[in-house]
1. In segment 276-297, is there at least one residue being outside any helix (DSSP H, G or I) and either of a type in the set (K, R) or away from the ligand (no atom under 16 Å from the Cβ) (or both)?
2. Pull up segment 298-329, narrow it to residues that are more than 15 Å from the ligand (Cβ to nearest atom) and in contact (Cβ under 8 Å) with a residue 40 or more places away in the chain, then point me to the one that is surrounded by the fewest Cβ atoms within 10 Å (Cβ to Cβ).
3. If a residue counts only when it is farther than 30 Å from Q287 by Cα, at pLDDT 95 or above and charged (D, E, K, R), which helices (runs of 4 or more DSSP H) contained entirely in segment 132-223 have at least 1 such residues?
4. Out of F205, F157, F147, which single residue is closer than 29 Å to V115 by Cα, within 11 Å of the ligand (Cβ to nearest atom) and out of contact with any Ser or Thr (no Cβ under 7 Å at 6 or more places or on another chain)?
5. Among the residues that make up segment 40-60, is at least one of them among the polar types (S, T, N, Q), out of contact with any Cys (no Cβ under 7 Å at 6 or more places or on another chain) and more than 20 Å from I165 (Cα to Cα)?
6. Working carefully through the options E58, E78, E100, find the one that is farther than 25 Å from A193 by Cα and at pLDDT 95 or above.
Amino acid sequence: MTHLAIVGTGYVGLTVGACLAHLGHEVCCVDSDADKIRSLRAGQVPFLEQEMPELLEEGLASGRLTFSADPGAVARAEVIFLCLPTPQSPEGNLNTAVLESAVRKLGPSLAPGAVLVTKSTVPVGTHRRVLEWVGRTDVHAVSNPEFLREGTAVRDFLEGDRIVIGAASEDAADAVAALYQGLRGTVLRTDPASAELLKFAANAFLATKVSFANEISRLCDGLGASIDAVIRGIGADPRIGRSFLEPGPGWGGSCFPKDTSALAYLAREHNVDLPVVAGAIEGNELQFEHVVQKVLASLAETPSPHVAVWGLTYKAGTDDLRDSPAVRIVSRLIERGVRVTTYDPAAPRGVPGAATSSDPYSACAGADALVVLTEWPAFRSLDMRVVARRMHGRDVVDARNLLDAQAVSAVGLHYVALGRSMVSAPLLAVSA
Ligand code: UDX
């Protein structure tokens with residue numbers, strides 16, 4: 001058992017803290033937001049994250065997971081995880097001001113020999129700056145990037161495929177590796193700069209995969225081919241793989257947009273061209289507009305059009321609207337004079353300029369078209385007969401290829417998906 005501190009209790013910090021307490025360590029989570037600390041002590045998780053309420057309860061009950069608003073609480077810790085926000089700066093780089101201020105504050109409290117682990121995604125070279133900020137020569141800096149998806153962060157931590165440890169000191173790397181003992185993920189040890197860079201490269205690659213799928217789906221629309229068949233056909237090749245090829249309204253969230261921009265910034269700073277990453281970013285913008293155009297096409301000739309939108313979060317299973325493609329698309333529709341009513345099961349606040357509805361059927365009342373922007377599985381089981389009765393128009397634009405096309409068509413609605421202009425064409429005859 002090791003004494004640990006986690007600085008920052010967002011979805012990354014809380015996941016890391018609760019999971020390490022679950023693995024048997026003594027963990028104190030520190031956050032400057034005293035209200036948040038109070039709710040966490042009371043067992044309340046401030047965001048939607050599967051398995052987190054149970055894990056928090058377990059940690060509190062065992063006494064191994066504690067919370068404090070005092071930065072001095074790190075004094076007992078042998079290893080301190082920095083899980084703080086690094087938002088995008090206007091130039092595209094990541095802003096480390098919050099990280100810097102926290103490290104400067106906790107510096108004097110650190111025990112000699114303490115290991116400061118950066119979990120947050122940070123500009124390459126931050127490991128050196130952490131040591132400057134802390135102003136001590138008797139502590140170590142390690143980069144240990146997270147690969148946690150929002151919504152499934154707990155599973156990703158406990159069953160992740162790799163644990164990357166970037167450290168200049170072998171002892172510090174050993175101390176961090178020991179914390180993960182018992183997990184099945186392969187431990188990859190490297191230098192700190194490579195660990196910092198590979199986090200950006202991982203997210204840029206995944207974003208590129210999605211942009212590629214979206215690009216091929218746009219071509220399918222033009223050619224009358226089926227994206228489902230193409231994805232199954234290419235995904236069967238293990239060199240390509242099936243995951244992250246789901247076409248959608250574009251990628252978003254707290255990581256992909258920010259990390260791809262930061263990688264592009266880094267490349268500019270070093271005079272290196274990254275045409276693949278630049279193309280993935282540009283392709284994502286095209287995809288937002290592609291969906292907007294599909295919706296506008298379905299509204300052609302409709303005076304004062306009104307659309308119902310199902311889904312606002314950037315993906316299902318989270319309540320996060322940060323950089324959500326759905327929000328972007330709704331805003332663009334409003335800019336083009338479309339009246340929008342939104343429904344999202346996890347984001348009741350909605351988007352400025354759009355009306356919100358607390359149930360999916362009322363959102364459709366009088367709508368000229370229905371647009372699906374987040375892949376909430378529950379949307380599949382909604383009664384399309386009720387939807388058809390409530391709607392004024394007939395088009396359903398499904399930007400997640402989520403709904404059952406036949407169920408939609410069966411009630412007299414016109415189903416429009418992505419890359420499926422031949423909706424009735426059979427998929428490739430591949431057995432599952
Ligand atoms: C991502 C990375 O997966 C994770 O490893 C990293 O640490 C943080 O960033 P997250 O942002 O939670 O996680 O979401 P993810 O599930 O990766 O999806 C990102 C975006 O891509 C979402 O907008 C999602 O809807 C979109 N996406 C994903 C698709 O459109 N199609 C796909 O096939 C997969």
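The values are calculated or read from the model by the stated rules, or taken from the named source; none is laboratory data. Here the structure is a predicted model, which is why all the values come from computation and not from measurement. Counting neighbours? That spans all protein chains shown, and the Cβs are built from the backbone with ideal geometry, glycine included.
1. no
2. First, pick out the residues of segment 298-329 that are more than 15 Å from the ligand (Cβ to nearest atom): 298-309.
Applying the additional criterion that residues be in contact (Cβ under 8 Å) with a residue 40 or more places away in the chain yields 298-299, 302, 305-309.
Working: S298: 21, L299: 21, T302: 16, P305: 22, H306: 20, V307: 28, A308: 28, V309: 33.
Checking each candidate, the answer is T302.
3. Result: 153-159, 170-179.
4. One residue alone meets the criteria, F147.
5. Scanning segment 40-60, I find at least one residue that is among the polar types (S, T, N, Q), out of contact with any Cys (no Cβ under 7 Å at 6 or more places or on another chain) and more than 20 Å from I165 (Cα to Cα), so the answer is yes.
6. E58
Results for (1) of a type in the set (S, T, Y); (2) in contact with a helix residue (DSSP H, G or I) (Cβ under 6 Å, 6 or more places away or on another chain), shown as yes or no for each residue.
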residue: G353; (1), (2): no, yes
residue: A367; (1), (2): no, no
residue: T374; (1), (2): yes, yes
residue: D383; (1), (2): no, no
residue: V386; (1), (2): no, yes
residue: G393; (1), (2): no, no
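Per-residue answers, yes or no, for (1) under 19 Å from the mean Cα position of the chain (by Cα); (2) aromatic (F, W, Y); (3) assigned to a helix (DSSP H, G or I):
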| residue | (1), (2), (3) |
| --- | --- |
| V16 | yes, no, yes |
| L20 | no, no, yes |
| V45 | yes, no, no |
| G92 | yes, no, no |
| A111 | no, no, no |
